[in-house]
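Below is one structure; the comments refer to it alone.
Please treat every number below as a calculation from the coordinates, not as lab data. All figures in this text were calculated on a predicted structure; none of them were measured in a lab. Neighbour counts run over all protein chains shown; Cβ positions are idealised from the backbone, glycine included.
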Amino acid sequence: MWQAIRHYFRGFGYRQVPVWYGSSVAVANQFETISRPLKFLKVIPNPYPFYDWIMGFHERWSNRAALRGPVLERTTNVLEAGVGTGYFLAQLVKGAKNARTISAVDLSPQMIFSAKNYLTKKDLLSSALLFVRSDCRRLPYSDGTFDLYVSSYLFDLLNDEEIDSTVKEMERVLAPDGHAILITMTTELGDMPWPARFLCRVTNELYCLGYHRGRWNGIWKFLFAGYAPHCRPIALSKYLKLAPSLSIEYTKVSHVSLFPVRIYYVGKRHA
Ligand SMILES: C[S@@+](CC[C@H](N)C(=O)[O-])C[C@H]1O[C@@H](n2cnc3c(N)ncnc32)[C@H](O)[C@@H]1O
């Protein structure tokens, strides 16, 4: 009994809960239909403006923090995996001024459609920007195609095996000396000062309590036009360390709403 309690408190805020929907393919399928069962928020014609508000508003700080720095201007071929409604992609297009290609990948046709609309509205479409429907675990590119791979809030909605195969696929499509910038909700809090670390452990734990087996979903689905939370805090470095040619150069902490987020800057070494 005491052992169980001790075990619980030791893992408090550090637990990586399993995803509630099985696989990421189910998430992409969900985006095809979530506009249909609108209940409370019938004023919203489709869920994407709402999703955009969640993603664009709450994730704005972490997305901007991730793209600060000199890497963007030097890149020529960029891939964003899991573009969603396109907020991060718009920042990327503005920053990667010298890119010859920017490949915007998502598994959901609805999300690609939505991202294309968003970038059209922002007047950011160009011949360099290519929208591609594909699974991040099996990308339609040859080895070493990209010098920059970015993704925000993708890895943290994949199940354990999918994270593993997505990291391996990222390693394959990155060129030697290429870089990756990855943003995830995080259980990796070790380098934070203790009061902040304690608060983050509490917020993570509360989030996971509701996330576990989709407990939040009844409420979220009713209130928020069918959108239900997919991301959960994970420890991405554990998976990155298994990729032999990748190394984590540095990381920084940010936040999405009350929850801690980690931004990873990863480099690919020569074989
Ligand atoms: C939480 S959203 C994040 C969107 C965007 N990066 C942002 O920060 O706003 C995750 C996106 O990943 C996409 N996705 C999920 N599984 C995927 C997979 N296996 N391959 C490619 N995209 C996937 C979803 O369709 C969704 O658009």
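Using DSSP to call loops (not H, G, I, E or B), can you name the chymotrypsin sites (Phe, Trp or Tyr not before Pro) in the stretch 121-196 whose Cβ has at most 16 other Cβ atoms within 10 angstrom?
Here the sparse-neighbourhood loop sites are Tyr141.
Can you bin the stretch 65-149 into rounded, prolate or oblate? Criterion: square roots of the alpha carbon gyration tensor eigenvalues sorted a ≥ b ≥ c, rounded for a/c under 1.5, prolate for a/b above b/c, oblate for the rest. Numbers along the way, then the final one.
Numbers: a/c = 1.65, a/b = 1.08, b/c = 1.53.
Taking the square roots of the gyration eigenvalues as a ≥ b ≥ c, the stretch 65-149 is oblate.
Quick one: if you stick a label point 7 Å off each Cα along the C-beta vector at Asn29 and Ser247, how many nm between them?
For Asn29 paired with Ser247, the spin-label model returns 4.3 nm.
Based on other C-beta atoms within 10 Å, arrange Val173, Val17 from fewest to most.
Val17, Val173
Based on the alpha-carbon gyration tensor of the stretch 71-110 and its eigenvalue square roots a ≥ b ≥ c, which shape applies: rounded if a/c is under 1.5, prolate if not and a/b is larger than b/c, or oblate?
It is prolate, given that a/c is not under 1.5 and a/b is the larger ratio.
Going by Cα centres, the stretch 85-141 and the stretch 160-202 are how many Å apart?
Between the Cα centre of the stretch 85-141 and that of the stretch 160-202, the gap is 22 Å.
Excluding Ala4 itself, what net charge comes from residues whose Cβ is under 15 Å from its Cβ, given Lys and Arg +1 and Asp and Glu -1?
Local charge sum for Ala4: +3.
With a 10 Å cut-off between alpha carbons and a GNM built on the chain, which of Tyr211, Tyr87, Tyr250 moves the most?
Its mean-square fluctuation being the largest, the pick is Tyr250.
When we measure straight from the Cα of Lys168, which aspartates and glutamates land under 14 angstrom away, once same-chain ones fewer than 8 places off are left out?
By straight Cα distance, Lys168 reaches Asp135, Asp143, Asp160.
Where in the stretch 1-29 does the amide nitrogen come within less than 11 Å of the point 7 Å from the Cα of Asp160, taken along Cα to Cβ?
Residues 16-19 qualify, since their backbone N sits under 11 Å from the label point.
Roughly what % antiparallel, to the nearest 5, for the DSSP beta bridges in the chain?
Bridges in the chain are about 45 percent antiparallel.
By its C-alpha gyration tensor, with a ≥ b ≥ c as the square roots of the eigenvalues, how is the chain shaped: rounded for a/c under 1.5, else prolate for a/b larger than b/c, else oblate?
Since a/c reaches 1.5 but b/c is at least a/b, the shape of the chain is classed as oblate.
What is the sum of charges around Arg74, taking Lys and Arg as +1, Asp and Glu as -1, for the other residues whose C-beta is under 12 Å from the C-beta of Arg74?
-2
So what are the three principal axis dimensions of the stretch 122-271 from its Cα atoms, in whole Å, longest to shortest?
Principal-axis extents of the stretch 122-271 (Cα, largest first): 43, 37, 33 Å.
Tell me, what is the percent relative contact order of the chain, built from C-alpha pairs under 8 Å that lie six or more residues apart?
Details: 510 pairs, mean separation 68.9, N = 271.
Relative contact order here is 25 percent.
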